[in-house]
Amino acid sequence: MRTPKTKILVTGGTGYIGSHTVVELIASGYEVVIIDNLSNSSETVVDRIGEITGVRPAFHRVEMCEKAEMQAFFDQHPDIRAVIHFAAFLQVNESVKEPLTYYLNNLNSQLNVLQCMKERNIDHFVFSSSCTVYGNPDNLPVDERAPIKKAESAYGNTKQMGEEILEHTVKATRINAISLRYFNPVGAHESALIGEVQHGVPHHLVPYITETAFGKRSQLNVFGSDYRTHDGTCVRDYIHVVDVAKAHVAAIDRLINGKNRSNYEVFNLGTGIGYSVLDMIGAFTKATGISIKYELAPRRVGDVEAVYADTTLANRELGWKAMLNVEDMMRSAWKWEQAVAAKKTEA
Ligand code: WQD
């Protein structure tokens with residue numbers, strides 16, 4: 001008699017990092033149920049996950065801001081053991097224009113799922129946080145004890161507030177929580193069946209590079225070349241989305257197996273290596289043989305000069321380390337770009 005699989009709820013599981021995490025959870029033997037309001041993704045992602053893993057996870061379209069919808073969902077799944085919470089609006093610049101939309105959506109979604117967990121004695125919660133909480137760090141590499149800087153966007157503030165909500169909640173309930181602070185997730189699953197879906201002009205660097213390579217954009221504008229970095233352009237800790245996904249499995253394993261050292265823990269998810277914008281352009285060309293037309297342009301408001309992770313804690317405590325390098329990231333991003341274009345011509 002096979003022991004029943006441990007069931008994990010993944011909110012936002014049809015999104016970019018969520019879908020890659022669902023693939024790794026299934027590969028690790030977990031049963032997964034996804035809820036998503038499909039505001040920024042499509043249910044076809046569930047089919048793609050089924051193609052990759054051989055298991056199509058259960059999916060429910062749920063508006064997490066509606067408490068009654070959440071309660072009805074949990075009533076249908078009384079055997080959920082843990083929650084990984086991705087569901088959130090995530091465009092930094094959009095959040096500056098629409099702060100209330102971001103606070104209402106991101107905070108209510110998190111509060112509702114935590115309340116449901118409390119009512120149902122579901123004890124384990126992994127939260128999708130971000131290196132944006134560090135702002136412009138005073139020291140590099142930045143570790144988890146670095147001071148949290150005043151958020152410059154509503155999006156970044158919902159991550160900071162999300163962490164603070166957890167710090168208080170774990171003290172007053174049975175819930176144990178882990179916040180994972182992502183640096184810059186990029187790339188796509190090797191199958192190119194899932195990846196980061198763009199809506200309009202890409203805001204982020206890597207999709208803009210791949211769209212330029214594909215000819216959808218005439219050139220890449222490099223935002224700022226007078227920063228105090230090795231080549232004047234901003235430095236980031238780019239990390240393959242599959243490595244980020246695997247860290248979520250390690251975090252869930254840690255909580256379910258009671259290996260956490262306290263009821264609230266925080267881990268950086270990075271490679272520990274900082275690459276500049278020009279480094280990334282070079283890495284793309286090295287990985288694909290395709291040159292990128294770019295121009296040096298003025299700085300982008302709100303950009304941090306340089307940030308990359310001290311990954312010691314996650315390496316030691318999660319037993320996790322990023323394994324894929326920047327060329328793997330670029331190769332998979334390019335393969336995804338080509339797959340998206342091919343699907344568009346099929347449609
Ligand atoms: C990277 C660098 C740009 C586009 C994002 C999210 C943030 C967090 C981390 C999750 C910057 C430069 C970009 C372009 C460029 N993720 N750039 N030309 O801003 O570090 O942060 O990932 O929480 O929320 O916003 O990523 O890819 O936008 O920019 O020169 O066309 O590339 O100036 O220096 P960012 P990004």
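The values are calculated or read from the model by the stated rules, or taken from the named source; none is laboratory data. This is a predicted model, so every value here is computed, not measured. Note that each Cβ is placed from the backbone with ideal geometry, even for glycine, and that neighbours are counted across all protein chains shown. Note: accessible area is taken over every heavy atom of the protein model, side chains too, but ligands, DNA and RNA are not part of it. Shrake-Rupley method; radii C 1.70, N 1.55, O 1.52, S 1.80 Å.
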Which of the residues spanning the range 236-248 are open to solvent by 10 Å² or more (accessible area, probe 1.4 Å) and either modelled with pLDDT under 95 or farther than 14 Å from residue 189 by Cβ (or both)? 236, 238
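Only helices (runs of 4 or more DSSP H) wholly contained in the range 151-263 count here; list those with 3 or more residues that are within 12 Å of the ligand (Cβ to nearest atom). Walk me through it before giving the result.
Values: elements: 154-172, 205-214, 241-256.
In the range 151-263, the matching helices (runs of 4 or more DSSP H) lie at 154-172, 205-214.
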Just one of (1) without any contact (Cβ under 8 Å) to a residue 24 or more places away in the chain; (2) within 22 Å of residue 245 (Cα to Cα) trips up residue 125, so point out which. (1)
Take the residues of the range 306-336 that are out of contact with any helix residue (DSSP H, G or I) (no Cβ under 6 Å at 6 or more places or on another chain), among the aliphatic types (A, V, I, L, M) and in a helix (DSSP H, G or I): which is farthest from the ligand (Cβ to nearest atom)? 313
Checking residue 285 against (1) in a helix (DSSP H, G or I); (2) buried (at least 23 other Cβ atoms within 10 Å of the Cβ); (3) polar (S, T, N, Q), which single condition isn't satisfied? (2)
In the range 9-47, anything of a type in the set (A, V, I, L, M, F, W, C) and over 17 Å from the mean Cα position of the chain (by Cα) is listed as 26, 27, 32, 33, 46
How about the range 108-127: which of its residues are open to solvent by less than 60 Å² (accessible area, probe 1.4 Å) and either in a helix (DSSP H, G or I) or under 30 Å from residue 205 (Cα atoms) (or both)? 108, 109, 110, 112, 113, 114, 116, 117, 126, 127
Among (1) more than 16 Å from the ligand (Cβ to nearest atom); (2) within 23 Å of residue 194 (Cβ to Cβ), there is one condition residue 12 misses while meeting the rest; what is its number? (1)
Could you look through the range 128-159, keep only residues that are in contact (Cβ under 8 Å) with a residue 24 or more places away in the chain and of a type in the set (A, V, I, L, M, F, W, C), and pick out the one that is farthest from residue 228 (Cα to Cα)? 154
For the range 220-242, pairs from a residue that is among the small types (Gly, Ala, Ser) to a residue that is within 10 Å of the ligand (Cβ to nearest atom), with Cβ under 6 Å and 6 or more apart or across chains, are 224/299; 225/233; 225/296; 232/225
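Just for the range 133-150: of the residues that are within 12 Å of the ligand (Cβ to nearest atom) and open to solvent by less than 60 Å² (accessible area, probe 1.4 Å), which one is farthest from residue 178 (Cα to Cα)?
Ranking the qualifying residues of the range 133-150, first place goes to 135.
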Extreme residue, modelled with the lowest pLDDT, among residues of the range 299-334 that are open to solvent by less than 70 Å² (accessible area, probe 1.4 Å) and charged (D, E, K, R): 303
